[in-house]
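See below for the structure under consideration.
Just so it is clear, none of the values below were taken in a lab; they were calculated from the coordinates. Since the model is a prediction, treat every value here as computed from it, not as a measurement.
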Amino acid sequence: MPKKIQATNLEAAILTVEEAAGYLRVSRTTMHHLFKTKMVPRARIGGRTLIQRTDLDALLARAISGV
């Protein structure tokens with residue numbers, strides 16, 4: 001069963017993979033595909049993968065505009 005993500009975490013500027021997946025309402029596997037295809041940049045710091053929420057918002061904007 002996936003972890004429940006608190007709304008306050010989704011308002012943060014930096015998200016974990018789990019939080020980013022929850023924000024986009026996709027699976028972790030889809031998130032890793034987005035990383036592999038370089039559609040979403042990530043940072044690996046201290047063994048953690050971190051994503052800027054603004055990058056997720058930009059992905060959604062591109063998807064909506066069809067670019």
Report the equivalent ellipsoid semi-axes for segment 7-65 in whole Å, largest first, defined as the square roots of five times the eigenvalues of the gyration tensor built from alpha carbon atoms.
16, 14, 11
Given H placed on each backbone N at 1.01 Å, which residues far from ILE14 in sequence or on other chains put an amide H within less than 5 Å of it?
ARG53
